[in-house]
1. Could you grab the Rg to Rh ratio for the chain? Cα atoms only, Kirkwood for Rh.
2. Using 0.36 nm per residue, how much length does the chain from Arg94 to Ser299 gain when fully extended, once their Cα-Cα distance is taken away?
3. For the chain, what does the accessible surface come to per residue with a 1.4 Å probe? Please give it in Å².
4. What residues from the stretch 31-66 fall in the zone where the backbone N is under 13 Å from a label point 7 Å along the Cα-to-C-beta line of Leu199?
5. Taking amide H positions as placed 1.01 Å from N in the peptide plane, with prolines and chain starts having none, which residues 5 or more places from Arg158, or on another chain, fall under 5 Å of its amide H?
6. To the nearest 10 degrees, how steep is helix 301-312 against the longest Cα principal axis of the chain, on a 0 to 90 scale?
7. Output the peptides 173-181, 70-78 sorted from most to least packed, where packing is the average of other Cβ atoms within 10 Å over each peptide's residues.
8. Could you work out [θ]222 nm for the chain from helices alone, using -39500 (n - 2.57) per DSSP H run of at least four and dividing by all its residues? Round to the nearest 500 deg cm²/dmol.
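The values are calculated or read from the model by the stated rules, or taken from the named source; none is laboratory data. Quick caveat, the model's predicted, so the values are computed rather than measured. Because the Cβ atoms are built from the backbone with ideal geometry, glycine has one as well, and the counts that use them run over all protein chains shown. Please note that ligands, DNA and RNA were not included when accessible areas were found on the heavy atoms of the full protein model with its side chains. Shrake-Rupley method; radii C 1.70, N 1.55, O 1.52, S 1.80 Å.
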Amino acid sequence: MTDFTILAFNGGYGTGISATLDILSAASRIAPALAAPAPTWRIVSTSGGMVELESGLLVKTQRLPIRQRRDASVWIIPGLALNTEADVLASAEREDMQAAARSIANHLDQGGRAAACCSAVFLLQQAQALDHRRVTTTWWLAPLLQRLNPTAKVDAQRMVCTDGPITTAGAAFAQTDLMLHLLRGQCGSRAADAVARMLLIDGREAQGKYIVPEVLANGDELISRLVSRIERSLPEPPGIVALAREFCVSERTLARRVRLATGKSTLALIQSVKLRKARALLEQSRFTVEQISEAVGYSDSTALRRLMKKATGASPSHYRARGA
């Protein structure tokens with residue numbers, strides 16, 4: 001029985017495929033010493049043969065069967081190198097993507113499992129596999145995924161998220177986190193932890209600390225101006241009512257525009273700007289945590305520590321050490 005089926009596409013991220021194969025190969029070598037099951041895998045594509053990845057690397061694949069039998073393996077789709085909303089929307093028209101989406105849907109209908117990372121999560125969306133599920137994807141495309149599927153619970157803070165037979169992961173290099181998560185379920189914690197140590201892969205639970213509000217604005221001038229206004233007014237940014245009045249929109253319109261552009265509420269966007277400023281001060285200044293808390297508008301350092309831990313999975317001391 002094959003444990004993992006890796007789907008490869010022309011133009012996909014080379015790192016996604018290579019990281020997947022390196023982790024599985026390492027697990028296969030380590031497994032006997034740990035008395036753990038060694039993983040097995042295959043690489044497939046919709047047409048079979050050689051697939052050229054974005055980096056120019058070539059990978060040999062088997063052809064994905066047109067008539068599929070029940071398959072107990074986890075289907076893995078590494079990042080597809082779709083870096084903009086336009087790229088994602090255009091990919092849905094590709095013949096190979098449409099064929100893969102049909103195969104994924106059939107695999108899931110027969111009780112199979114599937115996992116995707118970064119922009120590949122949109123292929124699961126195309127296969128209608130994300131309805132009413134909690135999922136994640138690369139943070140700058142999360143608002144688009146939420147717009148395409150309002151029933152999904154898109155959590156851009158998470159690095160890896162499992163809901164039923166579907167596992168999703170964040171930006172492209174979260175493929176390593178995804179594979180360790182899947183390996184833990186298939187081969188056990190000892191094998192997954194040993195591979196992480198062998199390859200020096202740090203465990204990361206959140207991608208929130210990488211989120212940049214200006215990027216989330218995605219070209220929306222109102223949101224870009226709003227972010228700049230909040231930053232300039234720290235430590236006492238205007239309230240939501242005052243911001244709406246200043247930008248000549250209703251509170252409801254402001255909330256709708258912020259949600260559409262960033263996937264966040266207006267209050268969450270304000271908090272994101274404050275936390276990013278706090279991280280910058282921790283890394284670039286000698287101010288104490290108490291002084292930084294005051295500079296970004298938190299009542300005390302306890303509030304900053306609690307919110308930073310919740311949003312990024314790291315404490316202020318982590319960012320202070322990075323800037324040392």
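1. Values: Rg = 21.6 Å, Rh = 21.2 Å.
Ratio value, two decimals: 1.02.
2. Working: separation 205, 0.36 × 205 = 73.80 nm, distance 5.20 nm.
Full-extension gain reported as 68.6 nm.
3. Values: 15620 Å² over 324 residues.
Spelled out: the 1.4 Å probe surface of the chain, per residue, equals 48 Å².
4. Label zone hits: 39.
5. Gln207
6. 30
7. On the way: 173-181: 24.2, 70-78: 21.0.
Put in order of decreasing packing, that is 173-181, 70-78.
8. Values: 15 runs with 163 residues, N = 324.
Calculated from helices alone, the mean residue ellipticity at 222 nm is -15000 deg cm²/dmol.
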